[in-house]
1. Can you pull out the residues in segment 91-104 that are open to solvent by less than 20 Å² (accessible area, probe 1.4 Å) and in contact with a Ser or Thr (Cβ under 8 Å, 6 or more places away or on another chain)?
2. Residue check: is Ala62 buried (at least 16 other Cβ atoms within 10 Å of the Cβ), under 15 Å from Leu99 (Cβ atoms) and in contact with a helix residue (DSSP H, G or I) (Cβ under 6 Å, 6 or more places away or on another chain)?
3. Can Val15 be described as surrounded by 12 or more Cβ atoms within 10 Å (Cβ to Cβ) and in contact (Cβ under 8 Å) with a residue 40 or more places away in the chain?
4. Filter segment 20-45 for residues that are in contact with a Gly (Cβ under 8 Å, 6 or more places away or on another chain) and open to solvent by 70 Å² or more (accessible area, probe 1.4 Å) and give the result.
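The values are calculated or read from the model by the stated rules, or taken from the named source; none is laboratory data. From a predicted model like this one, the values you see are computed outputs, not experimental measurements. A quick note on method: Cβ atoms are made from the backbone with ideal geometry, for glycine too, and the neighbour counts reach across all protein chains shown. Note: areas computed on protein heavy atoms with side chains; ligands, DNA, RNA excluded. Shrake-Rupley method; radii C 1.70, N 1.55, O 1.52, S 1.80 Å.
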Amino acid sequence: MIVQLLAGIVIAAAVFAALLWSIYRAATTRGRTRLIAVLLGLSTILGMASISLNQPGIAVMAGGACLIFGLYGVWAEDRWSKLLPFAQAVFGLALIAGLPWGGL
């Protein structure tokens with residue numbers, strides 16, 4: 001029980017850090033990278049809200065967007081910065097699989 005709780009906290013912290021990175025990248029970049037950062041941040045917020053509101057249908061759509069934009073972010077970023085969009089892509093996969101609701 002305690003291990004699951006700690007794992008949830010670590011995952012939530014990674015997703016939140018990735019969201020903050022997307023906001024930062026949206027403010028400091030231009031062009032297509034800025035657009036992807038904005039869309040990735042919005043889809044992450046929508047995914048978090050769908051968990052809070054218990055809406056699996058919306059979570060699947062938000063998860064798909066997180067996955068697509070997260071993979072593009074992994075491709076567009078440099079060095080260690082690839083880790084944060086990757087965390088959002090994994091979050092998208094978890095939403096698609098329905099993990100917050102005990103699915104898979």
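1. Kept after step one, since they are open to solvent by less than 20 Å² (accessible area, probe 1.4 Å), are these residues of segment 91-104: 92, 95, 98.
Scanning segment 91-104 gives Gly92, Leu95.
2. Working: buried (at least 16 other Cβ atoms within 10 Å of the Cβ): yes; under 15 Å from Leu99 (Cβ atoms): yes; in contact with a helix residue (DSSP H, G or I) (Cβ under 6 Å, 6 or more places away or on another chain): yes.
Yes, satisfied.
3. On the way: surrounded by 12 or more Cβ atoms within 10 Å (Cβ to Cβ): yes; in contact (Cβ under 8 Å) with a residue 40 or more places away in the chain: yes.
The answer is yes for Val15.
4. Ile23
For every residue, the table says whether it meets (1) open to solvent by 70 Å² or more (accessible area, probe 1.4 Å); (2) among the β-branched types (Val, Ile, Thr); (3) closer than 14 Å to Ile36 by Cα.
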| residue | (1), (2), (3) |
| --- | --- |
| Gly47 | no, no, no |
| Leu53 | yes, no, no |
| Tyr72 | no, no, yes |
| Glu77 | no, no, yes |
| Trp80 | yes, no, no |
| Ala89 | no, no, yes |
